[in-house]
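Enquirer: Structure provided below as structure tokens; questions to follow.
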Amino acid sequence: MNDMAMIEERPLAAKAPQHAALTEREVQESRRKETILYLDGVSVSFDGFRAINNLSFLLGKGEMRAIIGPNGAGKTTMMDIVTGKTRPDEGEVFFNGTVDLTKHDEPAIATMGIGRKFQKPTVFEGHTVEDNLALALAGSRSILAAIFHRRDAEEEARIAEILDTIRLTHLRDASAANLSHGQKQWLEIGMLLAQDPKVLLVDEPVAGMTDAETEETARLLRDIARDHSVVVVEHDMGFVRDLGVKVTCLHEGSVLSEGSIDNVSSDPKVVEVYLGR
Amino acid sequence: MIVGHLLRRGLNRWIVLSLAVILAIGIAVPALNLLLPVTHPLHVPTYIVALFGKYLCYALLALSLDLVWGYVGILSLGHGAFFALGGYAMGMYLMRQIGPRGVYGDPVLPDFMVFLNWQELPWFWYGFDRFWFAALMVMVVPGLLAFIFGWFAFRSRVTGVYLSIITQAMTYALMLAFFRNNMGFGGNNGLTDFKDILGYSVQAGETRAALFFASAAALALGVLFVSALGASRYGKLMIAVRDAEARTRFIGYRPEYVKLFAFVAAAVMAGIAGALYVPQVGIINPGEFAPANSIEIVVWTAVGGRGTIIGPIIGAILVNAGKSWLTGFAPEFWLFALGGLFVAVTLFLPKGIVGTAIDGWDGLRRMRDGKRRERGEDAPLTGPQPEAAE
Ligand SMILES: Nc1ncnc2c1ncn2[C@@H]1O[C@H](COP(=O)(O)OP(=O)(O)O)[C@@H](O)[C@H]1O
Ligand SMILES: [Mg+2]
């Protein structure tokens, strides 16, 4: 990995004095090693429109981060890039400090341990709540394994546990199509838990929820963050404050401001483009 | 052991009931034909045995389409190609069984090859003098074509209408190819004038009875296979891919392989149906590849109810019975009737006969549970979910 990177960067290194370039690179690399997600200089355009513009974003191992920003800021697109749905035009995207995510597709990235909840809740509507969880449950993804799969006591217990966590035990056998919007959001979070990923990307989890449900979701995410790395995109500032974590504000595809919720929300740039309106 | 578990999981009372009915028909119809004198009121005439034997093959064919269309959501408009290929593989065996009894009396070459002045058997006809080889090819050839086709189509993420169109193009291309004399499959006339199967005359009542029973048994196995598959985790995965393909990728599944497995399994089932069909009708020709045939299969499945197991079987039998009846006096109206039927089902009965019946049944049960709750009796909040697709 090390050697590969050196070869790639040789043209750059040739311009600058050799030793200085190397140390700078080494610093950068050791910084990368400590991250679970590492995006550097990432750009992506759709038909000439730059949705992500030289974006750099680091998520530490075990960290939870909240992302805010106006509609169209590129929050969802950033998740698309991390999960392999969209290929960046340029820039580096690393998982766990070493895995180059631009070289993998969605299923590969998902099985590495990156789980995602979509902005528009997407569950399998033809299935019951329980079957949605069963499909997401960590384990082999091969066709033969699926054909010959037998549910064991351990899985049974895991599903019961998740149902309890997401408060859907009483709707276990209900069709996912009949859930309320908020319940679908929770079911999708449950599916994320079932996958047991290392990183959870959670896109607008409280849209369409009552205040009580929103509070409950914040509690749930804080709980999850105790042993996972989490990125939460949300507009609800009360909810973001409730999470009590570092905040990144995106605007026009790059980071506008980063820091504690108080610092970011009082940042004049943030007030102007986002909060002020 | 594992397979036994898999099969048991697929069994619910509807499946057991339909298996019993299929096997009972498989035994009773040929028995009533062979054992009773022609004058007996319960005697089943031979032409009925032949007709219903054909319907059983169509039912298996519709069930196989249901596996890809109803469960995985791939609308194949070329499914008839796999049926025809299975039929041709069986036809080649039957041709080679004729031996020196052909019109030209060549010990090896079928008549049409002698007629074309061919000196020796083309390489791809080798082995078809053996039943086991032909039986293998009945499954391997359609399965292989489905694998190659599906590998490219599904991996390049061709879906929806585009996929339907290329499946239709596939069967059309095969039809044109099989029409050509120099392809070596009898061209326009196809393969016919069969004499023996496994040493028994294809015309004999006993052979027809055995073929009828074999068709019923194959259909029963098909039902068992689809229901076991549907009840497994893979079955749930098929539905998930049908309803939200992209979503399955983000939990680590590869929908292209989910589709590929179903597509190949369905092609093998269709091939078996075609192989049982050919000795019962006595001919296989390129017309079986006609795009219209594949569309008919879709109509049977839609009428009966896709995504259910019994639906396509009932649809295939009802629509074909209607076809036999109508073509008896007004054959020119059949295509209009078929088109009208499809439009009517799409508009008024989108879930088909069986799908609608299941909904009605569930609705009744919910009403009954609701009444019970009103009276203060214990009733489950939601009724027990129907197992598998039934
Ligand atoms: N696949 C795509 N094709 C074209 N434009 C896209 C695509 N994905 C995102 N965009 C555009 O990129 C911009 C950023 O969108 P998005 O990431 O969804 O913003 P956010 O989630 O922050 O509201 C929007 O202007 C959107 O229209
Ligand atoms: Mg968004």
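Enquirer: Considering (1) assigned to a strand (DSSP E or B); (2) within 16 Å of ligand 2 (Cβ to nearest atom), say which one A:N54 fails and leave the rest.
Expert: Evaluating A:N54 over (1) assigned to a strand (DSSP E or B); (2) within 16 Å of ligand 2 (Cβ to nearest atom) leaves (2) as the failure.
Enquirer: Any idea which of A:K61, A:K75 is buried (at least 17 other Cβ atoms within 10 Å of the Cβ) and under 18 Å from A:S229 (Cα atoms)?
Expert: A:K75
Enquirer: In the stretch A:99-124, what count of residues is obtained for those that are at the interface with chain B (Cβ under 9 Å from one of its Cβ atoms), out of contact with any strand residue (DSSP E or B) (no Cβ under 7 Å at 6 or more places or on another chain), touching a residue at least 40 places away in the same chain (Cβ under 8 Å) and assigned to a loop (DSSP other than H, G, I, E, B)?
Expert: 3
Enquirer: On to the next question. Between A:V129, A:V199, A:V206, which is hydrophobic (A, V, I, L, M, F, W, C), touching a strand residue (DSSP E or B) at 6+ places or on another chain (Cβ under 7 Å) and more than 9 Å from chain B (Cβ to nearest Cβ)?
Expert: A:V199
Enquirer: Given the conditions (1) of a type outside the set (F, W, Y); (2) at pLDDT below 95; (3) closer than 15 Å to A:L59 by Cβ, and given that A:Q119 satisfies all but one, which numbered condition is not satisfied?
Expert: So A:Q119 meets the others, but not (3).
Enquirer: Restricted to the stretch A:137-152, and to residues that are more than 7 Å from chain B (Cβ to nearest Cβ) and of a type in the set (A, V, I, L, M, F, W, C), which residue is surrounded by the fewest Cβ atoms within 10 Å (Cβ to Cβ)?
Expert: That would be A:L144.
Enquirer: Can B:F149 be described as closer than 26 Å to B:S64 by Cβ and not in a helix (DSSP H, G or I)?
Expert: no
Enquirer: Look through A:L192, A:L187 and report the one residue that is more than 16 Å from ligand 1 (Cβ to nearest atom), within 14 Å of chain B (Cβ to nearest Cβ), in contact with a strand residue (DSSP E or B) (Cβ under 7 Å, 6 or more places away or on another chain) and in a helix (DSSP H, G or I).
Expert: That would be A:L192, the only listed residue that is more than 16 Å from ligand 1 (Cβ to nearest atom), within 14 Å of chain B (Cβ to nearest Cβ), in contact with a strand residue (DSSP E or B) (Cβ under 7 Å, 6 or more places away or on another chain) and in a helix (DSSP H, G or I).
Enquirer: Oh, and also: Looking only at the stretch A:198-237, count how many residues are assigned to a loop (DSSP other than H, G, I, E, B) and either more than 17 Å from the chain's Cα centre (by Cα) or within 16 Å of ligand 1 (Cβ to nearest atom) (or both).
Expert: So the count comes out to 10.
Enquirer: Could you check how many residues of the stretch B:193-224 are free of Cβ contacts under 8 Å to residues at least 60 places away in the same chain and within 16 Å of B:S64 (Cβ to Cβ)?
Expert: Adding up the residues that qualify gives 1.
Enquirer: All but one of (1) within 13 Å of chain B (Cβ to nearest Cβ); (2) in contact (Cβ under 8 Å) with a residue 24 or more places away in the chain; (3) over 29 Å from A:G60 (Cα atoms); (4) not in a helix (DSSP H, G or I) hold for A:A134; which doesn't?
Expert: (4)
Enquirer: Go through the stretch A:203-220 and give me each residue that's in contact with a Ser or Thr (Cβ under 9 Å, 6 or more places away or on another chain) and within 16 Å of ligand 2 (Cβ to nearest atom).
Expert: Answer for the stretch A:203-220, where residues must be in contact with a Ser or Thr (Cβ under 9 Å, 6 or more places away or on another chain) and within 16 Å of ligand 2 (Cβ to nearest atom): A:D203, A:E204, A:P205, A:V206, A:G208.
Enquirer: Within the stretch A:43-60, which residues are more than 8 Å from ligand 1 (Cβ to nearest atom) and of a type outside the set (V, I, T)?
Expert: A:S43, A:S45, A:G48, A:R50, A:N53, A:N54, A:L55, A:S56, A:F57, A:L58, A:L59, A:G60
Enquirer: Look at A:T83 and say whether it is within 14 Å of chain B (Cβ to nearest Cβ), within 16 Å of ligand 2 (Cβ to nearest atom) and among the hydroxyl-bearing types (S, T, Y).
Expert: Spelling it out, A:T83 is indeed within 14 Å of chain B (Cβ to nearest Cβ), within 16 Å of ligand 2 (Cβ to nearest atom) and among the hydroxyl-bearing types (S, T, Y).
Enquirer: Within the stretch A:78-92, restricting attention to residues that are within 15 Å of ligand 1 (Cβ to nearest atom) and without any contact (Cβ under 8 Å) to a residue 60 or more places away in the chain, which residue is surrounded by the fewest Cβ atoms within 10 Å (Cβ to Cβ)?
Expert: The selected residue is A:D89.
Enquirer: Sticking with this structure for a sec: Could you say which residue among B:R306, B:R233, B:R254, B:R247 is touching a residue at least 12 places away in the same chain (Cβ under 8 Å), within 14 Å of chain A (Cβ to nearest Cβ) and of a type in the set (K, R)?
Expert: Selected residue: B:R306, the only one of B:R306, B:R233, B:R254, B:R247 that is touching a residue at least 12 places away in the same chain (Cβ under 8 Å), within 14 Å of chain A (Cβ to nearest Cβ) and of a type in the set (K, R).
Enquirer: Name the residue, out of B:F263, B:F213, that is under 30 Å from B:I48 (Cβ atoms), at pLDDT 95 or above and more than 11 Å from chain A (Cβ to nearest Cβ).
Expert: Of B:F263, B:F213, the one residue that is under 30 Å from B:I48 (Cβ atoms), at pLDDT 95 or above and more than 11 Å from chain A (Cβ to nearest Cβ) is B:F213.
Enquirer: Checking A:A177 against (1) surrounded by 15 or more Cβ atoms within 10 Å (Cβ to Cβ); (2) within 14 Å of chain B (Cβ to nearest Cβ), only one condition comes out false. Which one?
Expert: (1)
Enquirer: Take A:V240 and decide whether it is more than 27 Å from A:T128 (Cα to Cα), touching a residue at least 40 places away in the same chain (Cβ under 8 Å), part of a helix (DSSP H, G or I) and away from chain B (no Cβ under 14 Å).
Expert: The answer is yes for A:V240.
Enquirer: Also, quick follow-up: Take A:E63 and decide whether it is more than 17 Å from the chain's Cα centre (by Cα), away from ligand 1 (no atom under 11 Å from the Cβ) and of a type in the set (D, E).
Expert: Criteria not met by A:E63.
The values are calculated or read from the model by the stated rules, or taken from the named source; none is laboratory data. Keep in mind that this is a model prediction, so the values were computed, not measured. Counting neighbours? That spans all protein chains shown, and the Cβs are built from the backbone with ideal geometry, glycine included.
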